[in-house]
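Participant: Structure incoming, see below.
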Number of protein chains: 2
Amino acid sequence: MHQGGKLTVNTRVSVNSREDLSHVYTPGVARVCMAIHEDPDKAFAYTVKSNTVAVVTDGTAVLGLGDIGPVAALPVMEGKALLFKEMAGVDAFPICLNTKDTEEIIQAVKWIAPVFGGINLEDISSPRCFEIEERLKRELDIPVFHDDQHGTAVVMLAGLINALKIVGKKLSDIKVVFSGIGAAGVACTKMLLAAGVTHIIGATRSVGILHRGATYSNPVMQWYAEHTNPEGITGKLPDAMKDADVFIGLSGPNVITVEDLKNMAADPIVFAMANPNPEIMPEVAAPYVRVMATGRSDYPNQLNNVLSFPGIFRGALDCRATVINEEMKMAAAYAIASVVPEEELSESRIVPSVFDKQVVERVRAGVIRAAIETKVARIVPADFA
Amino acid sequence: MHQGGKLTVNTRVSVNSREDLSHVYTPGVARVCMAIHEDPDKAFAYTVKSNTVAVVTDGTAVLGLGDIGPVAALPVMEGKALLFKEMAGVDAFPICLNTKDTEEIIQAVKWIAPVFGGINLEDISSPRCFEIEERLKRELDIPVFHDDQHGTAVVMLAGLINALKIVGKKLSDIKVVFSGIGAAGVACTKMLLAAGVTHIIGATRSVGILHRGATYSNPVMQWYAEHTNPEGITGKLPDAMKDADVFIGLSGPNVITVEDLKNMAADPIVFAMANPNPEIMPEVAAPYVRVMATGRSDYPNQLNNVLSFPGIFRGALDCRATVINEEMKMAAAYAIASVVPEEELSESRIVPSVFDKQVVERVRAGVIRAAIETKVARIVPADFA
């Protein structure tokens, strides 16, 4: 399936005569160039910019493989581009950068931006990914989205919205424990804070529970300690698990035990999202949890980014959004959750299938509505006028 | 024809089930990544790299439009990519850089190079284009080719080879006069020197005939003066035209007159290649020249780069050449010339049609043979083994 690569660049017009040639190329193309030169917004009408996303990586955090470099990362970026196209008709192209320097990555993306309608950052290691995304969001006028952070966060929230319906709890009332505060862990935490969750505790294997008062050399840990753990609990992960309603793992295999699950509140919700080996295996956890989800396709409730990024970019491109903001991500999460009809919701079905055509359609609609409401849409698509 | 852009990124495999997904993306793709991580050459087997060319511009010298910027240049780069695909099945993607700085352009191309099997530089203004190409050729292990220079030079030489057959003259005996020594003029001059032409005189509108002894602030002019004009002729363009066998114009409209043509040697050959308005109009020149060619599609003998770059890159990609060297370009020129059968050669047919399928096939073959002979081919394609 990978032989020769998984993508091809095709032409949307064919050239069979001198006349065709004079239209698509010189001299005919000059008129199109000058129209864009006079009004750069016309690039969205007359070039690939309106439908093109760069899938950008430096190859430092590829799947669970780590820093394998830009060339070895290419099969994943092609796979991502393939999913963009198959799921949402987006023309995505892999850009694998031969540098790991934060400033150089930012510079490279800014230089290549003219061709693209959006930038999807992928598999760039933490903490560089935070600054790269923040800076690019500020300095470019097209959406920049680090899928490992926000794609994951959107799907996690979608799953949680539906899981909470099953157990009859509210976002504002739950206690959530995070294991792992890398790129995805931080993004998921921010998403839950934005969604109204107030009681979040984070822990890592190296420093245990993050809490106010402590000083962390890692600025991400410092931020985390200052914005979570309202009761100032200290200790290790098992100490945090007491009375937790929800556990969200974005760390590594075998981080929690059956004992931890037994200490949770009634109807525990466990999202063990480490790939490929979750924080606890579903068959081990089963007797002690009410709702269990993983990142794997071979268990129920796969929390897969493929549910989020295609529809999010489809929506952002269709309204020519200048950014993908919090409101658009929130709308995407609720849209994904809405695809599972209430009557079909169950412990083993909290998210729709990635092949359900409703997913992209509803995510797109939610994203466009949110973009228009928050005034980041450059145009209103015909079906929203 | 340009609405929505002229390119689309398509998938070569489809994803219709969870199983497909697990093969093209995680977890299946990890095996492919690790294979490339262990042996980077495998990227040519398992990714798009084997067939992908970046069409890189900074938008500073777009067609005859000048410095219109990277976004406005995009329709031309898409057109170029379209021709790569339609003519030679090459997957080309436009990269329009938002910088005009020589060092930054070099840096940007080096950073994005991992995805590509070749780099086609396009519409970058002189003299920056020379250093950018030279440096990238040295610093990258994939072919780098500035089409405005070398594509033009290859087609010019192809046309000249056939024109000389008609008038019964040899490359080594002719006197050639150039008007314009920009990127294309210099490349054409170097190509003729490499092909055995010894008597070349160049002139520009601003400084007249370039000659030894004079000092030029422009290093390109200095080089030119030192490598041409063996008799040390001085004066203006009309002074050079006396007894010239060939005139090659890569300058601008109305640079030569009927008087100049009358001063040429018997059977004058005039390539008035300025676009869109040639150095002298064919209908004006007709009574005084034996063979006339232009860059235009509405006159006979169109010297069009489309005859050269698709086949050159097809050949370079197919043998995974590390560079496109002089020998490969020379082979391409003779290959193009060979497509017109001797018995069909005439004053109005010195080059084949751009739609003649033989062109890409023969150029590819010539380029591959030359690459193998000069030891710059990484592999020998099956049909050359």
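The values are calculated or read from the model by the stated rules, or taken from the named source; none is laboratory data. Please read these numbers as outputs of a predicted model, since none were measured by experiment. We place every Cβ from the backbone using ideal geometry, glycine too, and count neighbours over all the protein chains shown. Ligands, DNA and RNA are stripped out before the accessible areas are found, and what is left, the full protein with its side chains, is counted by its heavy atoms. Shrake-Rupley method; radii C 1.70, N 1.55, O 1.52, S 1.80 Å.
Participant: Restrict the check to the range B:100-122 and report whether at least one residue is farther than 28 Å from A:D101 by Cα and aromatic (F, W, Y).
Facilitator: No, every residue in the range B:100-122 fails to be farther than 28 Å from A:D101 by Cα and aromatic (F, W, Y).
Participant: Checking B:V71 against (1) more than 7 Å from chain A (Cβ to nearest Cβ); (2) assigned to a helix (DSSP H, G or I); (3) open to solvent by 10 Å² or more (accessible area, probe 1.4 Å); (4) touching a residue at least 12 places away in the same chain (Cβ under 8 Å), which test does it fail?
Facilitator: B:V71 satisfies all of (1) more than 7 Å from chain A (Cβ to nearest Cβ); (2) assigned to a helix (DSSP H, G or I); (3) open to solvent by 10 Å² or more (accessible area, probe 1.4 Å); (4) touching a residue at least 12 places away in the same chain (Cβ under 8 Å) except (1).
Participant: Being open to solvent by less than 50 Å² (accessible area, probe 1.4 Å), in a loop (DSSP other than H, G, I, E, B) and under 14 Å from B:L303 (Cβ atoms) is the filter here, so list the residues in the range B:323-357 that pass it.
Facilitator: B:V340, B:I350, B:V351, B:P352, B:S353, B:V354
Participant: Considering only the range A:194-214, how many residues are in a loop (DSSP other than H, G, I, E, B) and of a type outside the set (V, I, T)?
Facilitator: 8
Participant: Within the range B:11-20, track down each residue that is surrounded by fewer than 22 Cβ atoms within 10 Å (Cβ to Cβ) and facing chain A (nearest Cβ under 7 Å).
Facilitator: B:T11, B:R12, B:V13, B:S14, B:R18
Participant: Additional query: Have a look at A:N305, A:N301 and point out the one that is out of contact with any Leu (no Cβ under 7 Å at 6 or more places or on another chain), among the polar types (S, T, N, Q), more than 30 Å from A:L140 (Cβ to Cβ) and crowded, with 19+ Cβ neighbours inside 10 Å.
Facilitator: That would be A:N301, the only listed residue that is out of contact with any Leu (no Cβ under 7 Å at 6 or more places or on another chain), among the polar types (S, T, N, Q), more than 30 Å from A:L140 (Cβ to Cβ) and crowded, with 19+ Cβ neighbours inside 10 Å.
Participant: Then there is this: Would you mind finding the one in A:K85, A:K100, A:K110, A:K137 that is of a type in the set (K, R) and either under 21 Å from B:G5 (Cβ atoms) or open to solvent by less than 30 Å² (accessible area, probe 1.4 Å) (or both)?
Facilitator: Every option except A:K85 fails the conditions.
Participant: Filter the range B:105-136 down to residues that are among the aromatic types (F, W, Y) and at the interface with another protein chain (Cβ under 8 Å from one of its Cβ atoms), then give me how many there are.
Facilitator: 1
Participant: Identify, from the list A:G79, A:G28, the residue that is open to solvent by 10 Å² or more (accessible area, probe 1.4 Å) and either under 18 Å from B:Q3 (Cβ atoms) or within 7 Å of chain B (Cβ to nearest Cβ) (or both).
Facilitator: A:G28
Participant: In the list B:T57, B:T47, B:T52, which residue meets the criterion of being facing another protein chain (nearest Cβ under 7 Å), open to solvent by less than 10 Å² (accessible area, probe 1.4 Å) and of a type in the set (V, I, T)?
Facilitator: Of B:T57, B:T47, B:T52, the one residue that is facing another protein chain (nearest Cβ under 7 Å), open to solvent by less than 10 Å² (accessible area, probe 1.4 Å) and of a type in the set (V, I, T) is B:T47.
Participant: Taking B:V53 as the residue in question, decide whether it is within 30 Å of B:E361 (Cα to Cα) and assigned to a helix (DSSP H, G or I).
Facilitator: No; evaluated as a whole, the condition is false for this residue.
Participant: Check off (1) under 11 Å from B:M1 (Cα atoms); (2) at pLDDT below 95; (3) assigned to a helix (DSSP H, G or I) for A:S22 and give me the number that stays unchecked.
Facilitator: All conditions are met except number (1).
Participant: For the range B:110-140, what are the residues that are charged (D, E, K, R) and out of contact with any strand residue (DSSP E or B) (no Cβ under 6 Å at 6 or more places or on another chain)?
Facilitator: Answer for the range B:110-140, where residues must be charged (D, E, K, R) and out of contact with any strand residue (DSSP E or B) (no Cβ under 6 Å at 6 or more places or on another chain): B:K110, B:R128, B:E131, B:E134, B:R135, B:R138, B:E139.
Participant: If you take the residues of the range A:205-250 that are within 11 Å of A:I181 (Cβ to Cβ) and of a type in the set (G, A, S), which of them is surrounded by the fewest Cβ atoms within 10 Å (Cβ to Cβ)?
Facilitator: Ranking the candidates gives A:S206 first.
Participant: Can we say A:M281 is surrounded by 15 or more Cβ atoms within 10 Å (Cβ to Cβ) and within 21 Å of A:A158 (Cβ to Cβ)?
Facilitator: So A:M281 fails the test.
Participant: How about the range B:35-44: which of its residues are open to solvent by 20 Å² or more (accessible area, probe 1.4 Å) and at the interface with chain A (Cβ under 7 Å from one of its Cβ atoms)?
Facilitator: The answer is B:H37, B:P40.
Participant: With respect to B:T102, determine if the residue is in contact with a strand residue (DSSP E or B) (Cβ under 8 Å, 6 or more places away or on another chain), more than 8 Å from every other protein chain (Cβ to nearest Cβ) and among the polar types (S, T, N, Q).
Facilitator: no
Participant: What residue, among those in the range A:113-128 that are among the polar types (S, T, N, Q) and in a loop (DSSP other than H, G, I, E, B), is surrounded by the fewest Cβ atoms within 10 Å (Cβ to Cβ)?
Facilitator: Step by step, filter the range A:113-128, then rank; the result is A:S125.
Participant: Could you list, in sequence order, all residues of the range B:159-193 that are closer than 27 Å to B:R128 by Cα, out of contact with any Lys or Arg (no Cβ under 8 Å at 6 or more places or on another chain) and assigned to a helix (DSSP H, G or I)?
Facilitator: Listed by number, the residues that qualify are B:A183, B:A184, B:G185, B:V186, B:A187, B:C188, B:T189, B:K190, B:L192, B:L193.
Participant: Right, next: Do we find a residue being in contact with a strand residue (DSSP E or B) (Cβ under 7 Å, 6 or more places away or on another chain) and among the charged types (D, E, K, R) anywhere in the range B:15-32?
Facilitator: Taking every residue of the range B:15-32 in turn, none turns out to be in contact with a strand residue (DSSP E or B) (Cβ under 7 Å, 6 or more places away or on another chain) and among the charged types (D, E, K, R).
Participant: While we're looking at this one, here's another question. Among the residues of the range A:276-286, is there at least one that is touching a residue at least 40 places away in the same chain (Cβ under 8 Å) and in contact with an Asp or Glu (Cβ under 9 Å, 6 or more places away or on another chain)?
Facilitator: no
Participant: Out of the range A:215-230, which residues are on the phi < 0 side of the Ramachandran plot, outside any helix (DSSP H, G or I) and in contact with a strand residue (DSSP E or B) (Cβ under 8 Å, 6 or more places away or on another chain)?
Facilitator: Once the filter is applied, which keeps residues that are on the phi < 0 side of the Ramachandran plot, outside any helix (DSSP H, G or I) and in contact with a strand residue (DSSP E or B) (Cβ under 8 Å, 6 or more places away or on another chain), the range A:215-230 yields A:T228, A:P230.
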